[in-house]
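Engineer: Okay, handing you the structure first.
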Amino acid sequence: MAMPRIHDVIVIGGGSAGYAAARTARDAGCHVAIVDHGPLGGRCILRGCMPTKTILRSSSIMALMQRAEEFGLAPVRACANLAGIIERKARLVDEFARDRIEALQDP
């Protein structure tokens with residue numbers, strides 16, 4: 001029968017602070033576990049900063065497109081595709097969360 005693995009550090013919460021603590025401990029040579037109800041990523045990545053900034057970026061680009069003539073460019077008629085904006089947001093949040101998880105896994 002295999003012996004259970006013993007952790008040097010157990011981090012509670014998989015948000016930005018938990019991620020930083022886990023990475024620091026792992027980089028110091030500790031065997032680390034994270035306790036989180038999931039999905040891993042925390043409020044900022046999954047529901048706060050990342051989704052909001054992604055949607056705001058689309059809005060900002062559309063606003064700039066509507067000012068094309070001011071920048072010496074031919075005018076354009078910008079039209080928002082809300083489904084596309086939401087899909088992009090979901091994809092970027094998922095990619096970032098996946099990258100975070102992969103970064104914490106054993107090398």
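Just so it is clear, none of the values below were taken in a lab; they were calculated from the coordinates. This is a predicted model, so every value here is computed, not measured. Using ideal geometry, Cβ is built from the backbone for each residue, glycine included, and neighbour counts are taken over all protein chains shown.
Engineer: From the residues in region 1-42 that are surrounded by fewer than 12 Cβ atoms within 10 Å (Cβ to Cβ) and of a type in the set (Gly, Ala, Ser), which one is nearest to residue 92 (Cα to Cα)?
Structural biologist: 38
Listed here are the residues, each with its yes/no results for (1) touching a Phe, Trp or Tyr at 6+ places or on another chain (Cβ under 9 Å); (2) surrounded by 12 or more Cβ atoms within 10 Å (Cβ to Cβ).
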site: 44; (1), (2): no, yes
site: 49; (1), (2): no, yes
site: 56; (1), (2): no, no
site: 64; (1), (2): yes, yes
site: 70; (1), (2): no, no
site: 73; (1), (2): no, no
site: 80; (1), (2): no, no
site: 83; (1), (2): no, no
site: 87; (1), (2): no, no
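Engineer: Among the numbered conditions (1) free of Cβ contacts under 8 Å to residues at least 40 places away in the same chain; (2) touching a helix residue (DSSP H, G or I) at 6+ places or on another chain (Cβ under 9 Å), tell me where residue 63 comes up short.
Structural biologist: (2)
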